[in-house]
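This report refers to the structure that appears directly beneath it.
Laboratory data are not the source of any read-out in this text; all were calculated from the coordinates shown. As the structure is a computational prediction, the values presented were derived from the model and not from experiment. Here the Cβ is made from the backbone with ideal geometry for all residues, glycine too, and neighbour counts use every protein chain on show.
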Amino acid sequence: MKRCVLAILGYVVIFAATLPAIDNGLARTPPMGWNSWNKFACDVSEDAVRGVAAAMVKNGMREAGYQYIVIDDCWQISRDAEGNIQADPKHFPSGIKALADYVHSLGMKFGLYSDAGTKTCGGRPGSRGYEFQDARTYARWGVDYLKYDWCSTDGQTTQESYTLMRDALQLAGRPIVFSLCEWGNSKPWTWAPAVGHLWRTTTDIKDVWEGKMTGNGAGVVTIADMQVDLADFAGPGHWNDPDMLEVGNGGMSNTEYRSHFSLWCIMAAPLIAGNDIAAMKPEIHDILTNKEVIAIDQDALGKQGKRIRHENNQDVFVKPLAGGGVAVLLLNRGAAEQTISFTWEQLGLGAGKGFNGRDLWEHKDLGKLAKQFSSPVASHGVVMITLKP
Ligand code: GLA
């Protein structure tokens, strides 16, 4: 009897020790895709999701790299007698598996949302106590991405709860990108690289330029300010997540949306669009599919850009690129146009080198630049360039 118990214990210890780390080949560059929350919130339905996925194929977004179609909160409604999570039959009459199959048939990947607590933030059933069962269900349905929220978690600790779901996903045997969403409360950048592929660093983004909202949420530049000091924690397979994109949701100007998108790209943030893709204006499409700017986000070196200047309403970010060279973002936070300048020395590039410049929004070569760059920048606007040897 004693020998038997020891053998089982030994097996459990060996098994636990051989669970692979989260660095499992997924999300080598920041995940790109679409999530239902910012536009549809709890009005999400299979028709809306199908419409968005089909539109992304037709309008070139899939081609531009957007891959994961993620249903956020409110797809789930109850559990059956065996504890299996049930989709809301009114909004998802064909079921989640059918929707995942459809998304896969378009050559894209499929994601879902759950919560580490007893209830999701929208009051739907959470995964607490059902982690392994839910992970098996997701794997059976063909889920490729899980966003895991942190509402109704009284008495739980973040690291334990997220590690439990990480292990459940690994045991379920399907490669699933694991997106942590505890809003930066427990400094997840210090522990989450071993647990998930991305972790929210802040409160919820709102479709406004600046400021903290009463209660929950903050504007784009305020969110960016909260994430700038975390650059060293990001890298291939593990990313800081300043929340999903608001580009195209109507609360900001196109200039501000271009700045929002550029900030996310220079910070190597996940690019999860959150607008109604099936009904967007051409100007919004052009922002979301600017391949030169996306390439900075998706650069193989996987470095999050650093802010090297933050004064007089001028921000300057610099991001090292694979193969040498850098991307530079000039942001004008002020109410009037101003000229922003920098020298190679200020970027830490060494004074004596010449670089070939390229403007990534104008799609224009800037020729050989000797030792500095200077450009007018519109109010709330950006200029984004690369400097290559
Ligand atoms: C939290 C998350 C959001 C969204 C909602 C859903 O607020 O931070 O991104 O998932 O819950 O209820």
Alpha-carbon gyration tensor eigenvalues x 5, square-rooted, for the chain, Å: 39, 24, 19
Sorted largest first, extent of the range 135-174 alpha carbons per principal axis (Å): 31, 16, 13
Sequence-distant residues sharing a close amide H with Val247 (under 5 Å, placed H): Gly274
Residue-averaged 222 nm ellipticity for the chain, from DSSP H runs of 4+ at -39500 (n - 2.57), nearest 500: -8000 deg cm²/dmol
DSSP beta bridge pairing in the chain, given as percent antiparallel to the nearest 5: 60
Among the listed pairs Lys58/Lys206; Lys58/Lys319; Lys109/Lys364; Lys39/Lys109, those beyond 30 Å (Cα-Cα): Lys58/Lys319; Lys109/Lys364
Residues with amide H under 5 Å from that of Asp115, placed H, sequence gap 5 or more: Ser127, Asp149
Ranked list, fewest to most other Cβ atoms within 10 Å of each Cβ, for Asp101, Asp144: Asp101, Asp144
Among Ala224, Pro188, Thr214 - extreme Cα towards positive end, dipole of the range 187-227, charges at beta-carbon: Pro188
Relative contact order [Cα under 8 Å, 6+ residues apart], the chain, whole percent: 13
Residue order, fewest to most surrounding Cβ atoms within 10 angstrom, among Met32, Met213, Met56: Met213, Met32, Met56
Along principal axes, Cα extents of the range 60-186, largest first, whole Å: 44, 33, 27
For the range 263-321, the Rg and Dmax computed from alpha carbons only, in angstrom: 13.5, 40
Dipole moment magnitude, nearest 20 debye, the chain about Cα centre, only Lys, Arg, Asp, Glu C-beta charged: 940
Reduced Cα scattering model of the range 189-261, Debye log10 I(q)/I(0), q = 0.16 Å⁻¹: -0.59
Sequence-separation-based contact order of the range 220-277, relative, with Cα cut under 8 Å and 6+ spacing, percent: 39
The range 145-197, dipole about Cα centre (Lys/Arg Cβ +1, Asp/Glu Cβ -1), debye to the nearest 20: 220
J(HN,Hα) series, the range 96-111, from Karplus relation 6.51 cos²θ - 1.76 cosθ + 1.60, nearest Hz, glycine and proline x: 6, 4, 4, 5, 4, 4, 4, 4, 4, 5, 8, x, 10, 10, 10, x
Residue-wise HN-Hα coupling along the range 348-365, computed from phi with Karplus coefficients 6.51, -1.76, 1.60 (Hz; x: Gly, Pro): x, 9, x, 6, x, 8, x, 9, 7, x, 9, 8, 7, 9, 7, 6, 9, 6
When the range 18-115 is reduced to its Cα atoms, the Kirkwood hydrodynamic radius in Å: 14.6
Enclosed volume per residue, in Å³, of the convex hull spanned by Cα atoms of the range 299-369: 109
Ranked Tyr257, Tyr145, Tyr130, criterion: other C-beta atoms within 10 Å, fewest first: Tyr130, Tyr257, Tyr145
Computed over the range 344-389: relative contact order in percent, which uses C-alpha pairs under 8 Å that are six or more apart: 41
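Under 1.5 on a/c is rounded, so check that first for the range 185-326, then, if it is not, pick prolate when a/b is larger than b/c and oblate when it is not; a ≥ b ≥ c are the square roots of the alpha carbon gyration tensor eigenvalues.
Here the range 185-326 falls in the rounded category.
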Cα gyration tensor of the range 299-340 - equivalent ellipsoid semi-axes, whole Å, descending: 25, 9, 7
In order through the range 324-333: 3J(HN,Hα) via Karplus (6.51 cos²θ - 1.76 cosθ + 1.60), integer Hz, x for Gly, Pro: x, x, 9, 9, 10, 10, 9, 10, 9, 8
